[in-house]
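A.B. asks: Have a look at this one before I ask anything.
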Amino acid sequence: MASLKDHLTEVLINKKLITQEQLNTALKLQEAKGGRLSDILVELNFVKESELATALSEGLGFPLIDLKRFKIDPEVTKIIPVDIAFHYQIIPVSKMGDTVTLAMADPLNIFAIDHVESLTGYKINPIISTSQDILQTVELSYPDITGGVIDNIVKEMSASSIELVKEEREILPADQELDSISRQAPVINVTNMLLEEGVKKKASDILIEPLERKLRIRFRIDGILYEQQAPPKNMHAPIVSRIKVISNLNIAEHRVPQDGRFKARLLGRSIDFRVSILPSATGEKAAIRILDKSTATLDIEKLGFTPEAISKLKKMAKLPHGMLLVCGPTGSGKTTTLYSILKFTDSPEKNLVTVEDPVEYQLEGINQVTARPEIGLTFAGALRSILRQDPNIIMIGEIRDFETVDIAIKSALTGHLVLSSLHTTTASGAIVRLINMGIEPYLINSSLACVVSQRLVRKICPYCKESYIVKKELIDSLKIHTDSNKKPEFFRGKGCTQCFNSGYSGRLGIAEILILSSSLRELILDRPQEHFIKQQACKEGMKTLRQEGIDAVLKGLTSLEEVLRVTASDD
């Protein structure tokens, strides 16, 4: 008997749904990674799954059923166990006498048919449906699916428990039904498993995203998102409700965004979790930021910066007054650098105050204020009060508007050292950004002492590190200056179990540091474009992000591909 693969090839080519070239590409991919040819064709976007099912129905002579429009009797689904339905991608649709009509993604799978016949004692009448529709219908049709799938997910979960460190809020009567669902053991187990896996894998974020037909779980590890095994879609609402409960959020509100936080003892240490809930078209999306102090590098010496960069930072941090800005996109380590500078400057004779939204890490001996715009406690409002607290050093979590930067500059002019972050991509761009925000150039010259622009690059995994040779043409095009007497040695990670086959483990910082000299201050008075400021700073010895990244590559700390991914060209 011809296989589904043979029939599939014949039908799709005859109906001109795919070309021979596309078929060959799919076959090569199947040979390399395995799997069903039909699934690979759909993944490659060569053909839609619905078109595939229609073509197979016509070519094989099996009826086609649209399961989305068909209601299955719950008694019929009891004929086949849920694990068998999932394994073979099948679902019983109806029963008449001693015959069961079975919707199948692969109606020529005689092993599945024989297995079901021997298991149930019924004759099988196969019909065709898409695997996506079958799996979705299986999830909806089996009432005990949640427990079974969850058992599979958590069966390898370690015995360590998660102890929430919080005060329970009062549950209103309208919330009680949702709250009771979120407190059921399976929901708690799955939520705890997600948190524990995130911490074990050293993820910075956990994303819980409801898609149209499934639930997607992703971890951000070393700045890159990786998809994880996810529970069924019908677990989405209970999981989000559980997260809301432990974060003291309103579990009955699904229309507006909510932000919260909770603390838990996990794997023997105390970890903070910051939660953001966002309503989307397919349900509420939850983003959980993991703030693990044990993995946080709040030491200026351990940020990964070069000794020259660290020396410049320390010199700037010892200034009696002025403003120091740290720039970069979201997730580039700005806050970590600011905290590290704070810890470096902290001493009993200094009064250090921060205003943040929210406070990420609580630092002993430093007065930290959380901005709460909803009650009128903005960055600017908090700063006005902080200035009456006799501070020596002020840290502002982020400069977002003119009012905040205006007070920050006035604070720097009146004898305070001000540390803050700004969303620009380069150090020279920060000066242009301040001018665009309405700050006069003479005020920038009088207050701004230093701008740091930074990125985080992934470090090569030490367990699978290997060297390789790069073509001279690429070295010349990137303007990499190396010793002409020997070929430069570059490194990369092959991928191993230690680094989850990514080739990278951990991250380090690279930074360009722009210190305002007299010639730069004179240039700023003319409101120059960004590239003129950058050219002058480079003449005075500033190393750009790309140059710092290439230096890290030549030292074998990171890969050339990683630096090219993270930094922009200097041209």
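The values are calculated or read from the model by the stated rules, or taken from the named source; none is laboratory data. It should be emphasised that the depicted structure is a prediction, and the values quoted were computed from it without experimental measurement. Counting neighbours? That spans all protein chains shown, and the Cβs are built from the backbone with ideal geometry, glycine included. All accessible areas refer to the heavy atoms of the entire protein, side chains included, with ligands and DNA or RNA removed. Shrake-Rupley method; radii C 1.70, N 1.55, O 1.52, S 1.80 Å.
To keep it simple, each residue is scored yes or no on (1) surrounded by fewer than 21 Cβ atoms within 10 Å (Cβ to Cβ); (2) at pLDDT 90 or above; (3) among the acidic types (D, E); (4) within 22 Å of S421 (Cα to Cα).
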{"position": "S517", "(1), (2), (3), (4)": "yes, yes, no, yes"}
{"position": "I524", "(1), (2), (3), (4)": "no, yes, no, yes"}
{"position": "R527", "(1), (2), (3), (4)": "yes, yes, no, yes"}
{"position": "K539", "(1), (2), (3), (4)": "yes, yes, no, no"}
{"position": "I550", "(1), (2), (3), (4)": "no, yes, no, no"}
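A.B. asks: Can you tell me which residue is nearest to the chain's Cα centre (by Cα) among those in region 209-225 that are surrounded by 18 or more Cβ atoms within 10 Å (Cβ to Cβ) and within 14 Å of R507 (Cβ to Cβ)?
C.D. replies: Only one residue fits best here, namely R220.
A.B. asks: A follow-up question, please. Would you list the strands (runs of 3 or more DSSP E) that sit entirely within region 31-150 and hold 3 or more residues that are under 30 Å from P186 (Cβ atoms) and touching a residue at least 12 places away in the same chain (Cβ under 8 Å)? First the steps, then the outcome.
C.D. replies: Working: elements: 90-96, 99-104, 123-128.
Strands (runs of 3 or more DSSP E) meeting the threshold: 90-96, 99-104.
A.B. asks: Is one or more of the residues making up region 431-443 open to solvent by 20 Å² or more (accessible area, probe 1.4 Å), without any contact (Cβ under 8 Å) to a residue 40 or more places away in the chain, more than 22 Å from N367 (Cα to Cα) and among the basic types (K, R)?
C.D. replies: yes
A.B. asks: Now, a different point. Working carefully through the options I366, I310, find the one that is free of Cβ contacts under 8 Å to residues at least 12 places away in the same chain, touching a helix residue (DSSP H, G or I) at 6+ places or on another chain (Cβ under 9 Å) and open to solvent by 10 Å² or more (accessible area, probe 1.4 Å).
C.D. replies: Numbers: I366 fails: free of Cβ contacts under 8 Å to residues at least 12 places away in the same chain.
Criteria check complete, one pass: I310.
A.B. asks: Among L119, L60, which is modelled with pLDDT under 85, aliphatic (A, V, I, L, M) and either open to solvent by 20 Å² or more (accessible area, probe 1.4 Å) or closer than 28 Å to M193 by Cα (or both)?
C.D. replies: Details: L119 fails: modelled with pLDDT under 85.
Unique residue meeting the criteria: L60.
A.B. asks: Within region 298-307, work out how many residues are outside any helix (DSSP H, G or I) and either modelled with pLDDT of 90 or more or open to solvent by less than 50 Å² (accessible area, probe 1.4 Å) (or both).
C.D. replies: The qualifying residues number 5.
A.B. asks: Would you confirm whether or not region 190-208 contains a residue that is at pLDDT below 80 and buried (at least 16 other Cβ atoms within 10 Å of the Cβ)? Working first, answer last.
C.D. replies: Here is the first cut: in region 190-208, the ones at pLDDT below 80 are none.
No, region 190-208 has no match at all.
A.B. asks: For region 268-297, how many residues meet the condition of being over 15 Å from I239 (Cα atoms), among the aliphatic types (A, V, I, L, M) and either part of a strand (DSSP E or B) or open to solvent by 60 Å² or more (accessible area, probe 1.4 Å) (or both)?
C.D. replies: Final tally of qualifying residues: 4.
A.B. asks: Anything in region 82-108 that is farther than 15 Å from D133 by Cβ, open to solvent by 40 Å² or more (accessible area, probe 1.4 Å) and at pLDDT below 85? List them, or say none.
C.D. replies: Result: D83, H87.
A.B. asks: Let me ask another. Take the residues of region 491-515 that are touching a strand residue (DSSP E or B) at 6+ places or on another chain (Cβ under 8 Å) and not in a strand (DSSP E or B): which is modelled with the lowest pLDDT?
C.D. replies: So in region 491-515, the residues touching a strand residue (DSSP E or B) at 6+ places or on another chain (Cβ under 8 Å) come out as 491-494, 498-500, 502-515.
Within this subset, residues satisfying the condition of being not in a strand (DSSP E or B) are 494, 498-500, 502-503.
Values: K494: 87, Q498: 80, C499: 81, F500: 75, S502: 83, G503: 89.
My answer is F500.
A.B. asks: Let me spell it out: the conditions are (1) out of contact with any helix residue (DSSP H, G or I) (no Cβ under 6 Å at 6 or more places or on another chain); (2) of a type in the set (K, R); (3) at pLDDT below 85, and R213 meets all of them except one. Which number is the exception?
C.D. replies: Result: R213 passes all but (1).
A.B. asks: Consider region 313-342. How many of its residues are assigned to a helix (DSSP H, G or I), out of contact with any Asp or Glu (no Cβ under 7 Å at 6 or more places or on another chain) and open to solvent by 10 Å² or more (accessible area, probe 1.4 Å)? Break it down stepwise before answering.
C.D. replies: So in region 313-342, the residues assigned to a helix (DSSP H, G or I) come out as 313-317, 334-342.
This time we only want the ones that are out of contact with any Asp or Glu (no Cβ under 7 Å at 6 or more places or on another chain), so: 313-317, 334, 336-339, 341-342.
Keeping just the survivors that are open to solvent by 10 Å² or more (accessible area, probe 1.4 Å) gives 314-316, 334, 336.
Looking only at that region, the number is 5.
A.B. asks: Please enumerate the residues belonging to region 383-431 that are more than 15 Å from S447 (Cβ to Cβ) and either among the basic types (K, R) or touching a Phe, Trp or Tyr at 6+ places or on another chain (Cβ under 6 Å) (or both). Spell out the reasoning first.
C.D. replies: The initial filter retains those residues of region 383-431 that are more than 15 Å from S447 (Cβ to Cβ), namely 384-386, 388-392, 395, 397-398, 400-401, 403, 421, 423-429.
Residues satisfying the conditions are R384, R388, R400.
A.B. asks: Let me ask you something else. For residues that are in a loop (DSSP other than H, G, I, E, B), open to solvent by 30 Å² or more (accessible area, probe 1.4 Å) and on the phi < 0 side of the Ramachandran plot, scanning just region 231-252, find the one that is modelled with the highest pLDDT.
C.D. replies: Taking region 231-252 first, the residues in a loop (DSSP other than H, G, I, E, B) are 231-232, 247-252.
From what's left, open to solvent by 30 Å² or more (accessible area, probe 1.4 Å): 248, 250, 252.
Keeping just the survivors that are on the phi < 0 side of the Ramachandran plot gives 250, 252.
Working: N250: 87, A252: 83.
Restricting to residues being in a loop (DSSP other than H, G, I, E, B), open to solvent by 30 Å² or more (accessible area, probe 1.4 Å) and on the phi < 0 side of the Ramachandran plot, the top hit is N250.
A.B. asks: Counting only residues that are of a type in the set (G, A, S) and either in a helix (DSSP H, G or I) or open to solvent by 10 Å² or more (accessible area, probe 1.4 Å) (or both), which one in region 444-454 is nearest to K314 (Cα to Cα)? Give the steps one after another, and end with the answer.
C.D. replies: Taking region 444-454 and keeping what is of a type in the set (G, A, S), we get 446-447, 449, 453.
Going one step further and asking which of them are either in a helix (DSSP H, G or I) or open to solvent by 10 Å² or more (accessible area, probe 1.4 Å) (or both), we end up with 446-447, 449.
Numbers: S446: 20, S447: 18, A449: 13 Å.
Step by step, filter region 444-454, then rank; the result is A449.
A.B. asks: Starting from region 457-469, keep only residues that are touching a residue at least 12 places away in the same chain (Cβ under 8 Å) and among the polar types (S, T, N, Q), then list their pairs with residues that are open to solvent by 30 Å² or more (accessible area, probe 1.4 Å) and assigned to a loop (DSSP other than H, G, I, E, B) whose Cβ atoms are within a distance under 7 Å, requiring at least 6 positions of separation or different chains.
C.D. replies: If the second residue must be open to solvent by 30 Å² or more (accessible area, probe 1.4 Å) and assigned to a loop (DSSP other than H, G, I, E, B), the pairs left are S467/E489.
A.B. asks: Test each condition in (1) part of a loop (DSSP other than H, G, I, E, B); (2) touching a residue at least 12 places away in the same chain (Cβ under 8 Å); (3) more than 20 Å from S447 (Cβ to Cβ) for G541 and report the one that comes out false.
C.D. replies: Condition (2) is where G541 drops out.
A.B. asks: If I ask for residues that are open to solvent by 50 Å² or more (accessible area, probe 1.4 Å) and farther than 26 Å from E374 by Cβ, which ones from region 253-267 would you list?
C.D. replies: Initially, region 253-267 is screened for residues open to solvent by 50 Å² or more (accessible area, probe 1.4 Å), giving 254-257, 259, 261, 263, 265, 267.
Matches in region 253-267: R265, L267.
A.B. asks: Kindly indicate the residue of region 552-566 that is buried (at least 20 other Cβ atoms within 10 Å of the Cβ) and within 15 Å of S477 (Cβ to Cβ) and also nearest to the chain's Cα centre (by Cα) among those meeting that condition.
C.D. replies: The selected residue is V563.
A.B. asks: Against the condition assigned to a loop (DSSP other than H, G, I, E, B), of a type outside the set (S, T, Y), open to solvent by less than 70 Å² (accessible area, probe 1.4 Å) and closer than 26 Å to G223 by Cβ, how does V457 come out, does it pass?
C.D. replies: Values: assigned to a loop (DSSP other than H, G, I, E, B): no; of a type outside the set (S, T, Y): yes; open to solvent by less than 70 Å² (accessible area, probe 1.4 Å): yes; closer than 26 Å to G223 by Cβ: yes.
In short, no.
A.B. asks: Scan region 479-492 and give yes if some residue there is open to solvent by less than 10 Å² (accessible area, probe 1.4 Å) and in contact with a helix residue (DSSP H, G or I) (Cβ under 8 Å, 6 or more places away or on another chain), otherwise no. If you could, list the steps in order and put the result at the bottom.
C.D. replies: As a first pass, look at region 479-492 and keep what is open to solvent by less than 10 Å² (accessible area, probe 1.4 Å): 490.
Next, only the ones that are in contact with a helix residue (DSSP H, G or I) (Cβ under 8 Å, 6 or more places away or on another chain) stay: 490.
Checked region 479-492: at least one residue is open to solvent by less than 10 Å² (accessible area, probe 1.4 Å) and in contact with a helix residue (DSSP H, G or I) (Cβ under 8 Å, 6 or more places away or on another chain).
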